[in-house]
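Peer 1: Just passing along the structure, written as structure tokens.
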Amino acid sequence: MSEGEPLCQVGPCVSRTLGLLSHTMGNLDQAVKHFENALAFCRPAGFRPELAWTCCDYAETLRERDGEGDRAKAISLLDESLAISSELGMRP
């Protein structure tokens, strides 16, 4: 497995989990990379529940990082997460 390749085969996406860990450790730029890897896998694979959680977690990281363009991207990700979770009947 090469670096940057998303790990999403069974259960939660490992790339999303690594993003959460990086966020918790305060390494927001690394977290963003992991979340991008998770999105790159979940979208084409059709893993919609995992995609909804990834969008939500990624948005929180962007909100905290608060770099240029982060707020707009976070809003877009939250919109996507809400649409998916509403469609699937997911609850918080």
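The values are calculated or read from the model by the stated rules, or taken from the named source; none is laboratory data. What you see is a predicted model, and the numbers here were worked out from it, not measured in a lab. A quick note on method: Cβ atoms are made from the backbone with ideal geometry, for glycine too, and the neighbour counts reach across all protein chains shown.
Peer 1: Out of all the residues in region 24-71, which are of a type in the set (Gly, Ala, Ser) and either touching a Leu at 6+ places or on another chain (Cβ under 9 Å) or modelled with pLDDT of 95 or more (or both)?
Peer 2: Gly26, Ala31, Ala38, Ala40, Ala45, Ala52, Ala59, Gly67, Gly69, listed by residue number.
Peer 1: Taking into account only those residues within region 49-92 that are among the basic types (Lys, Arg) and loosely packed, with under 15 Cβ neighbours inside 10 Å, which is nearest to the chain's Cα centre (by Cα)? Don't jump to the end; show me each part of the working.
Peer 2: Initial filter on region 49-92 (among the basic types (Lys, Arg)): 63, 65, 71, 73, 91.
Among the residues that remain, those that are also loosely packed, with under 15 Cβ neighbours inside 10 Å are: 71, 91.
Details: Arg71: 15, Arg91: 17 Å.
Among those that are among the basic types (Lys, Arg) and loosely packed, with under 15 Cβ neighbours inside 10 Å, it is Arg71.
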